[in-house]
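Okay, so here's the structure we're looking at.
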Amino acid sequence: MTVELVEVVRSGFRECVHSGSVVILGADGEPTLALGEVHVPIFPRSTNKPMQAITLLRNGFEPVDEAELAIATASHYGEPDHIALVQRLLDRFGFDETALQCPPDLPQDEDARATALREFAEPRRVYMNCSGKHAAMLATCAINGWPTEGYLDQTHPLQQSVVATITDLTGEPETDLGIDGCGLPIIPVSLVNLARAYANMATADPGSPQRRVADAIRAYPRVISGTNAPDLLTMRATPGLVCKIGADGVHAGALPDGTAFAYKIADGHDRARIPLTLAILHRMGVEWSDAHAELAAPPVLGGGARVGVIRAIPGVL
């Protein structure tokens, strides 16, 4: 059973409730809080991306800099710097945009989308939020002499290596795979094991693939997300945090001491995400700041004025 976690309060009236499951791990890797279905596998969606990037490093991918490694983990908003990094990666390995097998899209960032529409741009594969990961996967195929056609297929050597890496990092038993929004295979993982994978990344030895990915995410939180994105805002407010959102209400992260969290919002609604993440960080003992307090209670508006709040339900965490 899931647990009520976040409420939307308008004019003193509880208007909506978002339920889900959440786990917090101590530095020893054991749960200090477990609410809901934390041992039941879910589709981690884009919280898989750091583990997929670790796979690429383990198979010889060598980014030019941390920004290029960050774009390989990104759910980017399609802003100009994002597109430039993806294009640089494609160009370096001799690919054009047609080699990407993610679906075409428009930028997620409102300004970037408006610019594309003003220029009568069609949806493009490079705009899709997963295009950095796909470009890095193409590069890794080229490095290893693997076919670039069909790199999405779960029988492809790269995807078999991804499964092995995620199984290694999470300890999750192998099971049937799903298909993610970008077309790649997705491995079901329980929340408790997803949190353990992030703790592994945050505490890994410097220079290891796990630590390199964690450090790139910390160094370039805007590259892995976008302007005013949840991961950017949360990591800016919390030095040392490495975290990554996934579609449909998934989020996972860890602090440098190995304390970690993972959750799934049952209805997948994005508005529950930031207040829940901030309540979890508070429970984990993060030093609270004005930035944390502001993020923890997004406003509910009526006629343009604040008339309520979106917040973690008091006392649940």
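The values are calculated or read from the model by the stated rules, or taken from the named source; none is laboratory data. Every value quoted in this text rests on a predicted model; they were computed, and no experiment measured them. Every residue, glycine among them, receives a Cβ derived from its backbone with ideal geometry; neighbour counts consider all protein chains shown. For accessibility, only protein heavy atoms count, side chains too; no ligands or nucleic acids. Shrake-Rupley method; radii C 1.70, N 1.55, O 1.52, S 1.80 Å.
Do the conditions hold for R218, that is, is it under 20 Å from I71 (Cα atoms), open to solvent by 30 Å² or more (accessible area, probe 1.4 Å), modelled with pLDDT of 95 or more and touching a strand residue (DSSP E or B) at 6+ places or on another chain (Cβ under 8 Å)?
Criteria met by R218.
Within the stretch 101-123, can you find the residues that are over 18 Å from G226 (Cα atoms) and in contact with a strand residue (DSSP E or B) (Cβ under 9 Å, 6 or more places away or on another chain)?
P104, P123
With the requirement that a residue be touching a Phe, Trp or Tyr at 6+ places or on another chain (Cβ under 8 Å), over 22 Å from M137 (Cα atoms) and aliphatic (A, V, I, L, M), what does the stretch 185-228 give you?
Matches in the stretch 185-228: L191, A195.
Conditions (1) open to solvent by less than 60 Å² (accessible area, probe 1.4 Å); (2) assigned to a helix (DSSP H, G or I); (3) charged (D, E, K, R); (4) touching a strand residue (DSSP E or B) at 6+ places or on another chain (Cβ under 9 Å), marked per residue:
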| site | (1), (2), (3), (4) |
| --- | --- |
| L138 | yes, yes, no, no |
| W146 | yes, no, no, no |
| E149 | no, no, yes, no |
| Q159 | yes, yes, no, yes |
| V163 | yes, yes, no, yes |
| I166 | yes, yes, no, yes |
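Among what's in the stretch 85-107 and is among the charged types (D, E, K, R) and not in a loop (DSSP other than H, G, I, E, B), pick the residue that is nearest to H134 (Cα to Cα).
E97
Determine if the stretch 160-172 includes at least one residue that is closer than 12 Å to F43 by Cα and either of a type in the set (D, E) or within 15 Å of the chain's Cα centre (by Cα) (or both).
no
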